[in-house]
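Heads up: the structure comes next, in structure tokens.
The values are calculated or read from the model by the stated rules, or taken from the named source; none is laboratory data. Keep in mind it's a predicted model, so treat the numbers as computed, not measured. Reconstructed Cβ throughout: ideal geometry from the backbone, glycine too, with neighbour counts over all protein chains shown. For accessibility, only protein heavy atoms count, side chains too; no ligands or nucleic acids. Shrake-Rupley method; radii C 1.70, N 1.55, O 1.52, S 1.80 Å.
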Amino acid sequence: MRFNERELVVYSSGSAVKEGRIYHKNANSGFREGYKERWFKLKGNLLFYYRVNEFGGVYNKEPIGVLIIEMCRVQREDDLALPFAFSLTFDSDLDKKHLLGCANQRQCDEWVQVLSQCSYQNQRNRLLELKKEIMDITGTDPLASYSYQNNDQNVSNDSHLIQL
């Protein structure tokens, strides 16, 4: 997948589905490296993250990276370092986990729920379910007037992490 860095930076600004401070341990970090506090911002299926300054604010308006939330698993984790932790594991590399931790259980549950539902495939499946429900009730295809096509193409992306 190719991305234009400038377009990603512009897209990352503005309102988000969910945003907040999370502790993050990168999948590529070593055993001894700990969690880093980051500001995360979810827009569509792109999870942007930013540095946090010493006062707790966002260090820069440009993200330092983005995770593409596709073909991945979001699950709660038992981590002694952070009691309210969850992870992102991508199908392309099951051995590497992005560990994330929240301040409390409510925040952790909210992030797990929203990340579990934001992928293109999940949204597409939900659309097809709703379309079927409407067709069962009305007998007509609600998407017939749109150029929507029902084909089962698998979305594949070799890279789920982009460093900006």
* Can you list the strands (runs of 3 or more DSSP E) found entirely within the stretch 3-107 that contain at least 1 residues being without any contact (Cβ under 8 Å) to a residue 60 or more places away in the chain and either of a type outside the set (A, V, I, L, M) or open to solvent by 10 Å² or more (accessible area, probe 1.4 Å) (or both)? -> 18-25, 36-43, 46-51, 72-77, 85-90
* Asked: Leu128: at pLDDT 90 or above, within 18 Å of the chain's Cα centre (by Cα) and open to solvent by less than 60 Å² (accessible area, probe 1.4 Å), yes or no?
  -> no
* Hits in the stretch 50-70 - residues which are over 19 Å from Asn4 (Cβ atoms) and in contact with a helix residue (DSSP H, G or I) (Cβ under 8 Å, 6 or more places away or on another chain) -> Ile69
* Asked: Among all residue pairs at least 6 apart or on different chains, which show Cβ distances below 9 Å where the first residue, located in the stretch 115-132, is over 21 Å from Arg76 (Cα atoms) and aromatic (Phe, Trp, Tyr) and the second is open to solvent by less than 60 Å² (accessible area, probe 1.4 Å) and at pLDDT below 90?
  -> Tyr120/Val155
* Residues being in contact with a Ser or Thr (Cβ under 8 Å, 6 or more places away or on another chain) and either modelled with pLDDT of 90 or more or among the β-branched types (Val, Ile, Thr) (or both) - total across the stretch 51-71 -> 6
